[in-house]
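Colleague: Below are the structure tokens for one structure; questions will follow.
The values are calculated or read from the model by the stated rules, or taken from the named source; none is laboratory data. Everything numeric here is computed off the predicted structure, so don't read it as measured data. Here Cβ is always computed from backbone atoms with ideal geometry, including for glycine, and neighbour counts include all displayed protein chains. The area values use the complete protein model at the heavy-atom level, side chains included, leaving out ligands, DNA and RNA. Shrake-Rupley method; radii C 1.70, N 1.55, O 1.52, S 1.80 Å.
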Amino acid sequence: MSDLTRLAGVIGWPIGHSKSPRLHGHWLARYGIEGAYLPLAVAPDRLPAALAGLPALGFKGCNVTVPHKETALPFLDSMTETVKRLGAVNTIVVTPDGGLHGDNTDGHGFMASLRATVPDWSPEATGDRPAVILGAGGAARAIAVALADAGVTRIAIVNRTREKAEAVAALVADGSAPSVHGFESVSGPDGLLSRAAIVINTTVLGMDGQPPLQLPLDHLAADAVVADIVYAPLMTDLLSQAAGRGNPVVTGIGMLLHQAVPGFQAWFGVTPVVDDALEAAVLDRKAQPAAKVEGGG
Ligand code: ATR
């Protein structure tokens, strides 16, 4: 490393589990960039000092992850409308005058992954059929807003805790004010799934170490897209069930890979490509022959 080395990183607590260093490290090597992307373990009480120090240390910016995505907002000098709306930041760019500009690329990541995996999907094609979002955490907020901004007019939010689903619905623009439901409204002959154009699991259910998501897909339309944001395992029970009955599936890794593109572009000056080699590097496995790759951007 030299004084020309471009620096970025990811701020979280703890940070050891983050896949972002591996992700950006793969791109840095691939594009031969003199740069470094570091895991930065920052305890909650040190967040203001850590953020304030980024420009002084010569950082081009950073990603922000749990538990700082919301608490970092007061320390930004400017932010996108998306950050204001979601109340959460995941990408910070140091501006030429040494300020901190915040963006949230999670919704972009989901949409880019969806478009890359199911190229003929379009908001217009969903028509009157709802996009059904399971869960009402930060990822659900980002995805609901991104779908509405892309022109999806019917959105249904399904969550165990109704108030959280209502809070997500309230974020979305008027034209596509989402409906709010409990899990009992999802399956069955007249359930949400029987009309859904796309179903997206944003809950932790189905993740390694969590309970499974028990969701019978018997009445799901044959052409409905089924997406999961869980990527460990890559093929969750939900996705296996959907793929087994012929529905198009979108694995969770694509959102992680695509949300990283705008940050890398801003910090290192190259628009990086999301491909199978990147996915393999992030998942720490060998790239598979193209014919065997199961979606995921
Ligand atoms: P993130 O911000 O990463 O999207 P989160 O805020 O932790 O994640 O949200 C987790 C989601 O998983 C929530 O929708 C949560 O439901 P509640 O709002 O009712 O808590 C959902 N979830 C977690 N465990 C669940 C369970 N056992 N059954 C149903 N939903 C569950």
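Colleague: Could you work out the helix-only [θ] at 222 nm for the chain, with each DSSP H run of four or more residues adding -39,500 (n - 2.57) and the total divided by the number of residues, to the nearest 500 deg cm²/dmol?
Modeller: Only helices count here, giving -9000 deg cm²/dmol.
Colleague: Separate question: With the full set of protein chains in place, find how many percent of the accessible area of the chain is carbon and sulfur; take the probe as 1.4 Å.
Modeller: Result for the chain: 55 percent of the exposed heavy-atom area is carbon or sulfur.
Colleague: Per residue of segment 246-261, in order, report the coupling 6.51 cos²θ - 1.76 cosθ + 1.60 (Karplus, θ = phi - 60°) as ³J(HN,Hα) in whole Hz, putting x for Gly and Pro.
Modeller: Calculated HN-Hα couplings, in order: x, 6, x, 10, 10, 7, x, 5, x, 4, 4, 5, 6, 5, 7, 4 Hz.
Colleague: Among the lysines, select those whose C-alpha is under 21 Å from the C-alpha of residue 164, and discard any that sit fewer than 8 residues away in the same chain.
Modeller: Correct list for residue 164: 69, 84.
Colleague: Counting only heavy atoms of the protein chains, get the accessible area per residue of segment 147-192 (1.4 Å probe) and round it to a whole Å² value.
Modeller: 51 Å²
Colleague: Whole number in Å², please: accessible area per residue of segment 1-109, 1.4 Å probe, ligands, DNA and RNA not counted.
Modeller: 48 Å²
Colleague: May I ask you to order 240-249, 207-216 by the average number of other C-beta atoms within 10 Å around their residues, highest value first?
Modeller: 240-249, 207-216
Colleague: Ignoring everything but the protein chains, give the 1.4 Å probe accessible area of residue 37 in square angstrom, nearest 10.
Modeller: 20 Å²
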